[in-house]
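Only one structure is covered here, and it is reproduced in the block below.
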Amino acid sequence: MTRVNEIYKCEICENIIDMFHPGAGELYCCGQPMVLKNENSEEVGAEKHLPVIKDDEKGKRITIGEVEHPMTDEHYIEWIEIFFADGRILRKNFKPGDEPSFYCPKDHKKDIIRAYCNVHGLWVKK
């Protein structure tokens with residue numbers, strides 16, 4: 001059974017699915033079950049993947065890691081998403097070479113921030 005906001009990935013073609021509606025059954029791609037990506041919330045080793053929130057004059061700046069995450073063709077942040085307390089979701093997609101950060105207004109209440117690294121998977125800060 002799938003749940004809302006779960007992320008699944010095909011290990012063959014690398015398709016990624018974000019669940020908007022729960023359902024029974026198993027998701028398949030390329031003839032095999034897709035892999036549920038677990039939300040990591042603790043850093044391991046030197047990698048920096050946890051979302052960081054800093055207030056400044058423009059609003060709240062969301063970045064990935066205390067030290068900026070690499071944004072190379074081989075290793076980069078694909079997206080950052082914010083789940084707001086009122087049910088809204090804001091997602092920004094990135095590509096290699098982009099700066100993995102963006103702003104949201106200071107007065108917005110956030111419950112969850114997630115980021116997806118193409119090498120190290122899904123990261124969450126609640």
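The values are calculated or read from the model by the stated rules, or taken from the named source; none is laboratory data. No experiment lies behind these values; they were computed from the predicted model shown. Virtual Cβ from ideal backbone geometry, glycine too; neighbours counted across all protein chains shown.
Taking region 1-13, which residues are touching a Pro at 6+ places or on another chain (Cβ under 7 Å) and either assigned to a strand (DSSP E or B) or at pLDDT 95 or above (or both)? If you could, list the steps in order and put the result at the bottom.
First, the residues of region 1-13 that are touching a Pro at 6+ places or on another chain (Cβ under 7 Å): 1-4.
Within region 1-13, just Thr2 meets the criteria.
Could you check region 14-89 for strands (runs of 3 or more DSSP E) lying wholly inside it with 1 or more residues that are among the basic types (Lys, Arg)? Steps first, answer last, please.
Working: elements: 16-18, 51-56, 59-64, 77-84.
It comes to 51-56, 59-64.
Looking only at residues in region 33-44 that are surrounded by 11 or more Cβ atoms within 10 Å (Cβ to Cβ) and free of Cβ contacts under 8 Å to residues at least 60 places away in the same chain, which one is nearest to Val124 (Cα to Cα)? Break it down into steps so the answer makes sense when it comes.
Step one: of region 33-44, the residues surrounded by 11 or more Cβ atoms within 10 Å (Cβ to Cβ) are 33-41, 43.
Still in the running and free of Cβ contacts under 8 Å to residues at least 60 places away in the same chain: 33-36, 43.
Numbers: Pro33: 24, Met34: 21, Val35: 18, Leu36: 15, Glu43: 11 Å.
Once the filter is applied, the top-ranked residue is Glu43.
Let's see how each residue does on (1) surrounded by 13 or more Cβ atoms within 10 Å (Cβ to Cβ); (2) more than 18 Å from Glu6 (Cα to Cα); (3) touching a His at 6+ places or on another chain (Cβ under 6 Å); (4) modelled with pLDDT under 85:
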residue: Ala46; (1), (2), (3), (4): no, yes, no, yes
residue: Lys60; (1), (2), (3), (4): yes, yes, no, yes
residue: Glu68; (1), (2), (3), (4): yes, yes, no, yes
residue: Met71; (1), (2), (3), (4): yes, yes, no, no
residue: Glu74; (1), (2), (3), (4): no, yes, no, no
residue: Trp79; (1), (2), (3), (4): yes, no, no, no
residue: Ile82; (1), (2), (3), (4): yes, no, no, no
residue: Glu99; (1), (2), (3), (4): no, yes, no, no
residue: Tyr116; (1), (2), (3), (4): yes, no, no, no
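Just to be sure, is Ile17 among the aliphatic types (A, V, I, L, M), under 17 Å from the mean Cα position of the chain (by Cα) and under 20 Å from Ser101 (Cα atoms)? So Ile17 does not fit the description; no.
Which of the residues that make up region 61-84 are acidic (Asp, Glu) and either touching a residue at least 24 places away in the same chain (Cβ under 8 Å) or under 17 Å from Asn40 (Cβ atoms) (or both)? Talk me through it step by step, then tell me what you get.
So the first thing to find is which residues in region 61-84 are acidic (Asp, Glu), and the list is 66, 68, 73-74, 78, 81.
Across region 61-84, the qualifying residues are Glu66, Glu68, Glu74, Glu78, Glu81.
Here is a yes/no grid of residues against (1) among the hydrophobic types (A, V, I, L, M, F, W, C); (2) surrounded by 11 or more Cβ atoms within 10 Å (Cβ to Cβ); (3) in contact with a strand residue (DSSP E or B) (Cβ under 6 Å, 6 or more places away or on another chain); (4) not assigned by TED's automatic domain parsing to the domain that holds Ile82:
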residue: Thr2; (1), (2), (3), (4): no, yes, yes, yes
residue: Glu14; (1), (2), (3), (4): no, no, no, yes
residue: His21; (1), (2), (3), (4): no, no, no, yes
residue: Ala24; (1), (2), (3), (4): yes, no, no, yes
residue: Leu27; (1), (2), (3), (4): yes, yes, yes, yes
residue: Gly31; (1), (2), (3), (4): no, no, no, yes
residue: His49; (1), (2), (3), (4): no, yes, yes, no
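In this structure, does Pro70 turn out to be on the phi < 0 side of the Ramachandran plot and in contact with a Ser or Thr (Cβ under 9 Å, 6 or more places away or on another chain)?
Values: on the phi < 0 side of the Ramachandran plot: yes; in contact with a Ser or Thr (Cβ under 9 Å, 6 or more places away or on another chain): no.
So Pro70 fails the test.
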